[in-house]
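All remarks here apply to the structure that follows.
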Amino acid sequence: MNGIVSGGWEFVWAAYAVSAVVLVGYCAHVINGFFKARVSAERGTKGIGL
Amino acid sequence: MKKRIVFPLALIVLGMLCLFAGTYDGLAIAPAEQHMGDVQRIMYVHVPTAWTAMLVLTWAFVCALMYLTFAAWRWDHRLEAAIEMSVVLCLLLCIQGSIWAKPTWGVWWDWDPRLTTMAVLLMAFSGITALRFFIEEPVKRATWSAVATIIGYVDVPIVYFSVKWWNSLHQQQSGVSTISREFLIPLLMNFAGMMLLIAGIMTIRSRTAALRLEEEIALPPLTLVPAAAASEVMA
């Protein structure tokens with residue numbers, strides 16, 4: 001024990017991988033949700049004759 | 001109204017490019033820190049996430065105040081986007097912090113003031129998201145979630161100052177003047193990338209909220225729709 005942290009690349013990769021998965025996953029979810037909402041809104045307004 | 005997302009998509013692409021560049025710099029170019037070694041590289045993603053989370057939470061607070069003051073729907077759409085983004089960022093912060101804590105503190109989690117107040121913040125904003133999900137009446141939903149956001153935001157300065165007010169395992173914030181330039185470049189690049197990415201995502205998310213509300217208001221309950229119109233809606 002000398003107070004210096006050695007190694008630990010597996011933790012670095014884990015932190016970056018989790019961040020990438022969460023951010024890219026949420027980004028894809030939001031974009032997909034937008035297109036679904038747009039299609040649904042267009043269909044809805046057409047359906048009731050607006 | 002036809003909504004387009006070309007500009008926010010461009011922000012997302014630009015943000016991702018910045019994040020790639022910052023990550024490459026942080027992992028391959030910046031030197032290992034003297035005491036924490038390579039594990040310190042987690043800071044290049046953890047600190048920008050923390051800065052962005054604090055800004056998004058503050059934006060949620062501003063949107064809540066603006067909605068309660070002006071009662072304009074666009075502030076509620078922005079609030080919805082900011083609340084959801086806050087939950088994602090707070091969750092990400094807790095996970096990154098845990099991964100950082102194991103090799104440096106020897107534990108995955110500790111009920112230290114910073115971590116505890118952060119967990120409270122995550123729970124509070126998850127609760128506000130659930131609140132929005134369960135209230136069907138749009139005005140009530142917007143008002144209640146704006147009030148809840150203002151109450152929840154009280155925890156944000158407590159999270160920030162917790163490392164100064166109490167004896168904490170979590171280190172105190174470093175200033176720009178105390179960080180070496182080699183460490184600062186990947187940190188700022190990732191922060192810029194994160195800001196662009198989050199701005200793009202939140203713009204799209206608030207437009208989705210606007211579309212959903214448009215549809216919610218346009219569509220009366222099916223029981224009140226005349227039979228012919230109802231069959232068209234169902235088709």
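Rounded to the nearest 0.05, what FRET efficiency do residue B:119 and residue B:151 have when you use their Cβ-Cβ distance and R0 = 25 Å? Working shown, then result.
Details: r = 17 Å, r/R0 = 0.67.
Given R0 = 25 Å and the Cβ-Cβ separation, E is 0.90.
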Open item on the list: Under a crude label model (7 Å from the Cα following the beta-carbon direction), how far is residue B:65 from residue B:34 in nanometres?
Closed with: 4.2 nm
Open item on the list: Limiting things to C-alpha atoms, what are the Rg and the maximum Cα-Cα separation (Dmax) for segment B:1-116, in angstroms?
Closed with: 18.0, 57
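Counting every Cα pair in the protein assembly as shown, what percent are over 35 Å apart?
Details: 10628 of 40470 pairs.
When every Cα pair of the protein assembly as shown is considered, 26 percent fall beyond 35 Å.
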Task: chain B - Rg and Dmax from Cα coordinates, angstrom - done: 21.0, 75
- [ ] From other protein chains only, count the Cβ atoms within 10 Å of every residue's Cβ in B:41-47, then give the mean.
- [x] 4
- [ ] May I ask you to list the residues of segment B:8-42 whose amide nitrogen lies under 18 Å from a point 7 Å from Cα along the Cα→beta-carbon direction of residue A:4?
- [x] B:31-41
Task: Per-residue mean of C-beta atoms belonging to partner chains within 10 Å, peptide B:81-88 - done: 2
Task: Residues of type aspartates and glutamates that residue B:140 reaches as a straight line, Cα spacing below 13 Å, ignoring anything fewer than 8 places off in the same chain - done: B:76
Task: Sorted by Cβ density within 10 Å, fewest first, the residues B:165, B:109 - done: B:165, B:109
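Out of the trypsin sites (Lys or Arg not before Pro) in segment B:1-54, which ones are loop residues according to DSSP with at most 14 other C-beta atoms within 10 Å?
Working: sites: B:2, B:3, B:4, B:41; in loops: B:2, B:3, B:4.
Sites meeting the loop and neighbour criteria: B:2, B:3, B:4.
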Open item on the list: Using the Karplus curve 6.51 cos²θ - 1.76 cosθ + 1.60 with θ = phi - 60°, what ³J(HN,Hα) values do you get for each residue of segment A:17-25, in whole Hz, with x for Gly and Pro?
Closed with: 5, 4, 4, 5, 4, 5, 5, 5, x
Task: For segment B:155-205 versus segment B:51-76, the gap between their alpha-carbon centres in whole angstrom - done: 20 Å
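I need the helices of chain B that pass two filters: whole DSSP H segments spanning 20 Å or more by Cα along the axis, and mean Kyte-Doolittle score no lower than 0.0. Don't jump to the answer; show the numbers that get you there.
Working: long enough: B:6-24 (27 Å, 2.16); B:43-70 (39 Å, 1.46); B:73-105 (46 Å, 0.46); B:113-134 (31 Å, 1.25); B:138-153 (22 Å, 0.50); B:181-218 (55 Å, 0.82).
Taking the DSSP H segments of chain B (at least 20 Å long, mean hydropathy at least 0.0), we get B:6-24, B:43-70, B:73-105, B:113-134, B:138-153, B:181-218.
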Task: Residue order, fewest to most beta carbons within 10 Å, for B:180, A:19, B:126, B:162 - done: B:180, B:126, B:162, A:19
TODO: Please give the average number of partner chain Cβ atoms lying within 10 Å of the Cβ of each residue in B:199-207, rounded to a whole number.
DONE: 3
Open item on the list: Below 16 Å, Cα to Cα, which aspartates and glutamates can residue B:102 reach? Residues fewer than 8 away in the same chain don't count.
Closed with: A:10, B:38, B:110, B:112
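Values quoted throughout were computed directly from the atomic coordinates according to the rules given, and no laboratory measurement underlies them. The structure presented is a predicted model; accordingly, all values stated were derived computationally and were not measured. Please note: Cβ atoms are built from the backbone with ideal geometry, for glycine as well, and neighbour counts cover all protein chains shown.
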